[in-house]
Amino acid sequence: MNGLNRLPKNGSVGVVGGGISGLFFTYFLNLKRPDLKITILDKSCSKSKRVGGWIHTHRDATTNLKLEKGPRTLRGVSPGTALILQSLIKMDSETKEHIMYIEKESVANRKFIVDPKNSKSLVQVPPITSASFYEFMKSGASDGFFKSLIYEYFNKSKNVVDRDESIYDFITRRFGSDSLVSNLASALFFGIYATDVKNLSANYCIPRLVNYEKTHGGIFRGLFSKNQPKPIRTNDQEIKDFATFLNINEDKMLGYYDHLKKLPLIAFKNGMSTMPDKVRDHLSTIPNISFKFDYDVKSVENFGKKLKLNNDLSFDHVHLSTISNNFDISNEKFMKYNKSLGQGTNVLLINLYHPKKNIIPSKIDAFGFLVPKNCQTPLLGCIFDSVIEKNMKNFYDEKYLINSDALNKTDYTKLTMMVSYNGKKIEDVNINEYKENFVFKMLKDQIGLNKDQISGLQKDDDFLIEFTFADNSIPIYNVGKGFSSDMEKDIRTVLKKDLLTNNNISVGGFKFADGPGMPDVVVESLRAVQTLVK
């Protein structure tokens, strides 16, 4: 027998990592096996007891300032978002007061990219009005757009082999040139993976499009075909599965998801750290669950029927929700895969805040903008946090997070810039250089501030600029790692079975989930538990 069926009554489980993946794994496991003694091990400081990994909301109790130093929203269309929210409500019904959303029609749901031909111009994508369509057609984003679409439709591939290639190579081959990917699509992948499309596996990032070519000879042929292959699991099937696991009425859960998937963005009133904090607080009330901070797991080795961490702590089973590059276990296939992923992306986050001025012109009120590959700059994009906050409503009573009366008294600006910093370290950051070449350059070129406005901000003591270095934040899912558009053949599927069978170890987190989003890693945590208690 495999997995937790091996575990004795009141057995012990060590969970490596107190990020969102490890926290939810512990919660799900405790639901099914409350007899188990579970220890969450995290290298965070025991004084702060901070959990959440890359989710980090900085809150200043004195000024009531809230700045996101990591992810800030969930996508309503993702089934994993419904799983997260319903789990949080099951833990604490007061969570309902914290859940916020943005309506589909809201200006905060608009997205822009920098015009590849003119860095001082932002182009709305997709163009949804005649005016925005006209601007799109004038911009460099439209170069080769329609020609590429026509080429792809008539470019029918035959005898497609099961191979992996980069997103850049796949889209260039399918659409006849690199115009579409370099002027437009690359911005989306920069925003999600913070990595160049030449360094991303098509099998990992766009398996559905890869499969369209395999089954129908092309993307559009597959997309519009009535004979599309049925997915292994539909979203509704996933939702029913979640409902069964959480012991929630299926129809209620489906109805909840139907509502959520119409909403583009979900967030929390007091920031994204609300999510891991709520899970931590709930788990802390359960006698069989404990936290061990200041503990960096470097190795796991089989020791008889037990597993030893750092030649120190012993457990009947170990779950790896996070895995460092220098981690060591006696599993050759795993070690090769972990080493091949190597150093992840380094991203410099720059938070900008002014408590008394709104410096974002209303014509570009939006979620923010991303930067295509052809712009040739380390700037990945900018999120307009204050626009998002001003348009947030509570999910349950539909009241705005910030009402109009409050805005009339005090307006403000909050932005987050994302800069690619691969190959560099935090000590390489020259603050003054980055303020000049990125912060004020972005405010001038993309936001459209004039010289006097820039000069005023440079002297303004109220204008806050904070730098946060996110090193090794997201794995670089490159070609040649063993990713496959067929999940049964994918290296992650193979390794999960191998690790569980030969080492009694389960895995989760970014390196094994279907995608890099928070809902993806939480769903992966649930799947790991389902496999273990099967």
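For the reader, a short list of remarks on this structure follows.
- Environment charge at Val529 (Cβ cut-off 11 Å; Lys +1, Arg +1, Asp -1, Glu -1): +3
- Set of lysines near Lys373 by C-alpha distance (under 23 Å), chain-local residues within fewer than 8 positions excluded: Lys111, Lys117, Lys120, Lys138, Lys147, Lys198, Lys424, Lys425, Lys435, Lys441, Lys444
- Accessible surface for the chain, divided over its residues, is 46 Å² per residue with a 1.4 Å probe.
- Accessible carbon and sulfur surface of region 166-254 relative to its total accessible area, %, 1.4 Å: 51 percent
- Computed from phi, the 3J(HN,Hα) profile of region 284-294 under the Karplus parametrisation 6.51, -1.76, 1.60 (θ = phi - 60°) reads 5, 8, 9, x, 7, 10, 9, 10, 10, 8, 6 Hz, with x in place of Gly and Pro.
- Computed over region 184-244, Kirkwood Rh from alpha-carbon pairs, angstrom: 13.7 Å
- Positive minus negative residues near Asp143 (Lys, Arg vs Asp, Glu; Cβ under 12 Å): +1
- Across the alpha-carbon set of region 1-106, the Rg to Rh ratio works out to 1.03, Rh being the Kirkwood radius.
- Sequence ranges 516-522, 465-471, ranked by mean other-Cβ count within 10 angstrom, highest first: 516-522, 465-471
- Surface/4 of the Cα convex hull for region 337-458, nm²: 11.3 nm²
- Rounded FRET efficiency, nearest 0.05, which uses the C-beta distance separating Tyr400 from Asp486 and R0 of 41 Å: 0.35
- A dipole drawn for the chain from +1 and -1 charges on Cβ atoms has a positive end, and of Thr285, Tyr193, Tyr477 the residue lying farthest that way is Tyr477.
- The dipole here belongs to the chain: it is taken about the Cα centre, uses +1 on the Cβ of Lys and Arg and -1 on the Cβ of Asp and Glu, and is about 920 debye.
- Net charge, Asn391 excluded, C-beta distance under 9 Å - Lys, Arg +1, Asp, Glu -1: -1
- Estimated distance in nm for a label pair at Glu103 and Thr62, the labels positioned 7 Å out from Cα along Cα-to-Cβ: 3.9 nm
- Computed packing ranks the peptides 11-23, 287-299 as 11-23, 287-299, most packed first, by mean other Cβ atoms within 10 Å.
- Here region 411-450 and region 69-128 have alpha carbon centers that stand 23 Å from each other.
- Each peptide among 59-71, 488-500, 81-93 gets the average number of other Cβ atoms lying within 10 Å of its residues, and from highest to lowest they stand as 81-93, 488-500, 59-71.
- Segment Phe224..Asp328, full-extension length gain: 32.8 nm, with 0.36 nm per residue of separation and the alpha-carbon distance subtracted.
The values are calculated or read from the model by the stated rules, or taken from the named source; none is laboratory data. What you see is a predicted model, and the numbers here were worked out from it, not measured in a lab. As a convention, Cβ positions derive from the backbone with ideal geometry for all residues, glycine included, and neighbour counts pool all protein chains shown. Accessible surface areas use protein heavy atoms only, side chains included; no ligands, DNA or RNA. Shrake-Rupley method; radii C 1.70, N 1.55, O 1.52, S 1.80 Å.
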